[in-house]
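The structure appears right after this line, and notes come after that.
The values are calculated or read from the model by the stated rules, or taken from the named source; none is laboratory data. Since the model is a prediction, treat every value here as computed from it, not as a measurement. Virtual Cβ from ideal backbone geometry, glycine too; neighbours counted across all protein chains shown. Areas reflect the complete protein model, heavy atoms only, side chains present, ligands, DNA and RNA absent. Shrake-Rupley method; radii C 1.70, N 1.55, O 1.52, S 1.80 Å.
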Amino acid sequence: MEIEKEIKQSSFQSNLHKAVVNVIYTEGWISSVFRDIFKNYKITSQQYNVLRILRGRFPASLNPSEIKSVMIDKNPDLTRLCDRLVIMGLIDRCIDAENKRKVNIQINEKGLNVLKEIDPIMSEFTNQKFHLDENEAELLSSLLDKLRG
């Protein structure tokens with residue numbers, strides 16, 4: 001549905017203003033759907049992001065600053081976020097072998113299994129709700145990269 005109909009606004013200051021409003025609205029829509037998916041696994045979108053990052057480096061572990069540097073949302077308190085994931089049994093903390101003051105974080109088998117369960121749901125959502133073919137998706141991604149400058 002067109003953004004004008006979604007937010008019941010017939011005009012915008014400019015096409016750029018309309019695009020920005022559309023990006024913000026769409027981000028909210030996607031986040032809401034993802035929140036509903038993650039709720040079934042008792043995790044947040046930020047926790048999912050950490051698990052996804054750790055899976056990408058598995059079997060290696062990462063220190064918290066490495067995780068934070070590649071997170072989508074850089075605002076969360078990563079220590080507390082990881083504490084919750086440890087309590088849930090989805091990640092492990094290990095002392096760095098070379099520097100005992102450093103802590104490394106690694107996804108474990110339970111965390112990998114949770115992501116294996118979520119992956120098809122995420123794929124189904126994107127295939128059903130994102131009405132874009134591969135070329136359109138690539139163009140959208142390029143335009144969003146350009147928007148961020």
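Brief remarks on what is shown
- Count Lys and Arg as plus one, Asp and Glu as minus one, and take only other residues whose Cβ is under 9 Å from that of residue 115; the net charge is then +1.
- Enclosing the Cα atoms of the range 69-141 in their convex hull gives a volume equal to 153 cubic angstrom per residue.
- Evaluated with a Cβ-only charge set (Lys, Arg +1; Asp, Glu -1), the range 24-149 carries a dipole of roughly 660 debye about its Cα centre, given to the nearest 20.
- Out-of-range pairs (alpha-carbon distance over 30 Å; input 5/68; 5/116; 18/116; 39/102; 110/146; 8/146): 5/68; 5/116; 18/116; 39/102; 110/146
- 34, 125, 58, 130, ranked by accessible area, largest first (probe 1.4 Å): 58, 130, 34, 125
- The fraction of all Cα pairs in the range 1-52 landing in successive 5 Å bins from 0 to the largest distance is 5, 18, 21, 16, 11, 11, 11, 6, 1, given as whole percents.
- Applying 0.36 nm per residue to the separation of residue 11 and residue 106 and subtracting their alpha-carbon distance, the gain on full extension is 29.3 nm.
- In the range 48-83, the trypsin sites (Lys or Arg not before Pro) that fall in loop regions by DSSP, at most 12 other Cβ within 10 Å: 74
- Overall, the accessible surface of the range 44-148 at a probe of 1.4 angstrom is composed of carbon and sulfur to the extent of 52 percent.
- Accessible-area order (highest first, 1.4 angstrom probe) of the listed residues 88, 1, 71: 1, 88, 71
- Heavy-atom accessible surface of the range 35-138, averaged per residue, reaches 65 Å², computed with a 1.4 Å probe.
- Here's the picture: charge each Lys and Arg Cβ at +1 and each Asp and Glu Cβ at -1 in the chain, and of 128, 88, 3 the one pushed furthest to the positive end of that dipole is 88.
- Each listed q (0.19 Å⁻¹) maps to a log10 I(q)/I(0) for the chain, found by the Debye formula over equal Cα scatterers with no solvent: -1.21.
- Computed from Cα atoms alone, the Kirkwood hydrodynamic radius reported for the range 22-88 is 12.9 Å.
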